[in-house]
Structures are given as C-alpha cells and as structure tokens.
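Participant: After the structure tokens below, expect a handful of questions from me.
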Amino acid sequence: MAGRRRGWFRSSGNSEWIQQARSQLADAFLDMDRRQSVADAAVLASDEVFPERGFGAAWEPVRGRCYDAAGAYLTLTEELDAAERNKTEVPHGEERTATVTRQLTDAARAVDEFYRGNQAQLEHAVAVRQTVPQLAGQVKAAAAGVRARAAESEYADYPSVRRCAALVDEALITLEAAGPGGAAGVVRAAANRLEAATRELADALAQAPSRHGAASTAITSVNTRLAAVRNRAAGVAPAYSAMLREFNAASSADLTNNGRESQRAIDAADVALGRARAALAENNPESALELTTSARGNLAEAERQVDAVTKRLALLREVRANPQDKAKAVRFRLRDAQMLAVSRGLVGEWGSVLDAQSDRIDRISETLSGRHPDYWAYVTELDTVTEFIAGVVDRMRKQAGPRRE
C-alpha cells in the first residue's frame, strides 16, 4: 500500500480538501435553494390566486430536479462528514463532487429558465396574493357601510333591497369563515363575491326611489293597452263568423276557441292590473311592477289569439281576390333556386329535386275548384313548398365550391 497513489480525499488528516469540497457543494446548493424558494413561493401564489393558469403542474418537473439534486448533495456531504470524522477515504470523491455540483447548477439553471419564462405572471400572482388581506378588510368595511344604510333606509322592505341585503349577509359570512389565515385564492374569491353583492345592494338602494314613479307609469300604460286589446277582441266573433260564411269550414277549424282564449287572457291581465294598483297603494311598487309585467304577458297572448283570427280573414280574402299571386311568388323563389343550382354547378344533385317542386305547385293550384275552395289549405301547402325551397337553397350555399358535371 506504500506505493499506492492516494486520491483527492485522503485519510491522513487531509481535512482541508474535504472542507473545500464541502464549501463548493454548499455554495451550489444554497444558490439553487434560494432560487427554488423564490419560484416555489411564486408558483404557490399563482395556484392559489389563478389556478386556471396551471403553473403548479408545469413547475413540478423542475422542482423534481431540485429535489434530486438536493438529495445527491445531502448524501455526498454525509459521506464527507463521515470521512473527515473517521479519517477514511471517499471513493471517487473528486469526480462525485464535480458531478453533484454540476447537478445543483443545472437544477438552478432550470429554475431560472422556468421563472424567467413566466416572470410577469408569477410576479403578478405574488403581488395579488400579498394584497388579499388588505382587499378583504376594505371589502368588509364597505359592505358594513352599505348594509347599515340599507337597514336604516325607508326602502328596507322593498323585495330587491331585502334580497340584495341577504346576499351581502351570506357573502360576509363566507368571507369570515375563510379567515385571515385562509388560502389566498379562497379569501380573494369570497372578497370578490362580497364586493359584487355590496354593489348590487347599493344599486338597489339607488334605484328604489324611482320605483314608485315607474310602477305608476307602468300601470297607466298597461291600462291603456288593456282597453285597446278589449276593443280589438270585440272583432274576433264577427271575423270568425265571416270566415264561416265566406270560406271553407276547414279554413277556420283551428281558430274555434280563439275568442274564448283571448277573453281568458284579457281577464287575467285585468286581475293582475288590479293587484298591481293595490300593491302600489300599499307602497310596494316593486310588486306592482312585477304584476304589470305579468299583465303585459297576458295581453300579448290575447293579442296573438285576436290577430290569428283577424289576420286569417284578411289573408283569405286577399288570396281569393288574386289566387295566382301566391303561386307566382313561390314560382319566383323556385326560379331563383334553380338559377343558383346552375351557377354553382349543382344541377346534377339538386335539379330534379327543384323541378319536382314545379309539379307540386301545379297540383296545389289545381285544388282551387268548386264553390268554396279551401284557400287556407292552398296557402299552407304553398308555404310548405316555400320552406322546402329555402332549405335547398341554404344547403346549396353551404356546399363548398361549385360542382361541374
């Protein structure tokens, strides 16, 4: 053994080399650890405040490299300590020190690349996270102020104010439950919810004074419309009778109950309007507004029932006066569709389909015979052809590029 060359780490009291190696490793480890700590804190802040960004998953492999390097560092330094203490050799000490130092340096470089690549977003997350406690305090103070104003307001019993006040109370409880030491993302979300609820309550208080005037105007408007619909509804029975006298019974078979249904809707609107007046008299304008909205819906239904009868009569008379005008209009649409098929090179695919519609129009036109032709069937069947042609045109326009025979 006397002639054997000793390695870098020798057992004969050469602790100086071990100390140099330990110092080199420690410097590399501390540098990596400092960078990792900064990145760790930033990623944690981002995952708490902006979890949708997914930095935690992207950071995981980089952090894994740091853990592996730190593990190698701890293993080697423990061997160095034992060698110094027991005055023994460290096998391949010089090579292993260089390898672990390089592993620590590479891990630190990977941390830098990750951090610099996402620096703006990470630092923004850190800044937001730091402001969360202050945000929560400010939001709670603002909520308390608006909530107190609502409780003391003459409009405190308005449904909108009560509803918004309850939302503020609920959001405040949620924020308090999150606690000052809660996760920043949870606290921030609760603070944002309370802020939104507070804003809605403030808006409800601001709008409350105008509710009475708005309700009064709405009641007047609905009352005027109710009178107008009643006048129009008076024409349903004469119009229906005229259809029975002048046209085939099938032309009005689906309108038998329109007079009754329109009257039912008018009566419902009248009841809702009366309740709206009562609510306004009891200083409950918001309920009055809701009731006027209900009345308007009933009046719209009544108008639909009335128009179905009166407009049907007008249409049937128009078709009876010029029966071929309807067919001509459909043929015009058909010609447009056929020209489109030609221009797009789609005659082979759609030509026969469109040609068949011409025969279909002829057959429908031939049904206008006898003393009381079924003009309504004539109209509805031609409308069906029109819809079919429109569907073909739509499909041709969506086909990519012209197709040539």
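Participant: Quickly work out the residue 300-to-residue 342 label distance, labels modelled 7 Å from Cα along the C-beta direction, and quote it in nm with one decimal.
Facilitator: Modelled inter-label distance: 4.6 nm.
Participant: Moving to a separate point now. Work out from phi, with θ = phi - 60° and the Karplus expression 6.51 cos²θ - 1.76 cosθ + 1.60, the ³J(HN,Hα) of each residue of region 310-320, listed in order in whole Hz, and give x for Gly and Pro.
Facilitator: Result, rounded to whole Hz: 5, 6, 5, 4, 4, 5, 4, 5, 5, 5, 4.
Participant: Taking 0.36 nm per residue of separation and subtracting the Cα-Cα distance, what length does fully extending residue 349 through residue 228 add?
Facilitator: Length gained between residue 349 and residue 228: 38.3 nm.
Participant: Which of the three applies to the chain, rounded, prolate or oblate, going by the alpha-carbon gyration tensor with a ≥ b ≥ c and a/c under 1.5 meaning rounded?
Facilitator: Judged from the Cα gyration tensor, the chain comes out oblate (a/c at least 1.5, b/c at or above a/b).
Participant: Between beta-carbons, use under 11 Å as the cut-off and find the net charge around residue 158, counting Lys and Arg +1, Asp and Glu -1.
Facilitator: 0
Participant: Related question: For region 191-246, just say rounded, prolate or oblate: build the C-alpha gyration tensor, square-root its eigenvalues into a ≥ b ≥ c, call rounded for a/c under 1.5, and beyond that prolate if a/b exceeds b/c, oblate if not.
Facilitator: On the way: a/c = 12.71, a/b = 3.03, b/c = 4.19.
Here region 191-246 falls in the oblate category.
Participant: If the cut-off is a Cα-Cα distance under 22 Å, which lysines reach residue 311, setting aside same-chain residues fewer than 8 apart in sequence?
Facilitator: Answer for residue 311, where 22 Å is the Cα cut-off: 326, 328, listed by chain and number.
Participant: So how much slack lies between residue 67 and residue 387, counting 0.36 nm per residue of separation and subtracting their Cα-Cα distance, in nm?
Facilitator: 108.3 nm
Participant: Taking the beta-carbon count within 10 Å as an exposure proxy, list 316, 201 from fewest neighbours to most.
Facilitator: By the 10 Å Cβ count, ascending: 316, 201.
Participant: What nm value, rounded to one decimal, do you get for the distance between residue 20 and residue 60 when each label is placed 7 Å out toward the C-beta?
Facilitator: With each label point 7 Å from Cα toward Cβ, the separation is 4.3 nm.
Participant: Next question, about the same structure. Name the most mobile residue of 376, 59, 350, meaning the one with the largest mean-square fluctuation, in a Gaussian network model of the chain with Cα contacts below 10 Å.
Facilitator: Result for the chain, Cα springs under 10 Å: 350 fluctuates most.
Participant: Count charges around residue 335 for me, please; just the other residues with Cβ under 13 Å from its Cβ, Lys/Arg as +1, Asp/Glu as -1.
Facilitator: Neighbour charge sum, excluding residue 335 itself: +1.
Participant: Also, quick follow-up: Of the candidates 183, 295, 191, which one comes out as most mobile in a Gaussian network treatment of the chain with C-alpha springs shorter than 10 Å?
Facilitator: 183
Participant: Report the net charge of residues surrounding residue 103, where surrounding means a beta-carbon distance below 12 angstrom and charges are Lys +1, Arg +1, Asp -1, Glu -1.
Facilitator: Spelling it out: positives minus negatives among the neighbours equals +2.
Participant: Who wins for biggest fluctuation among 233, 249, 144 in a Gaussian network model of the chain, springs between alpha carbons below 10 Å?
Facilitator: 249
Participant: What is the fewest-to-most order of 194, 135 by other Cβ atoms lying within 10 Å of their Cβ? Display every interim value, and only then the final one.
Facilitator: Details: 194 25, 135 16.
If I rank by nearby Cβ atoms, fewest first, I get 135, 194.
Participant: Tell me whether region 235-348 comes out rounded, prolate or oblate; compute the Cα gyration tensor, take square roots of the eigenvalues as a ≥ b ≥ c, and use a/c under 1.5 as the rounded threshold.
Facilitator: Oblate shape, in that a/c is at least 1.5 and b/c is the bigger or equal ratio.
Participant: Now, a different point. Provide the FRET efficiency to the nearest 0.05 for the residue 85-residue 131 pair, computing r from the beta carbons and using R0 = 41 Å.
Facilitator: Once the sixth-power term is evaluated, E becomes 0.20.
Participant: Check cross-link reach from residue 398 to the lysines: straight Cα distance under 16 Å, and skip same-chain residues fewer than eight apart.
Facilitator: none
Values in this text are rule-based calculations from the coordinates and carry no lab data. Note that the coordinates shown come from a computational prediction; the quantities given were computed from them, not determined experimentally. Positions of Cβ are backbone-derived with ideal geometry, glycine not excepted, and every protein chain shown enters the neighbour counts.
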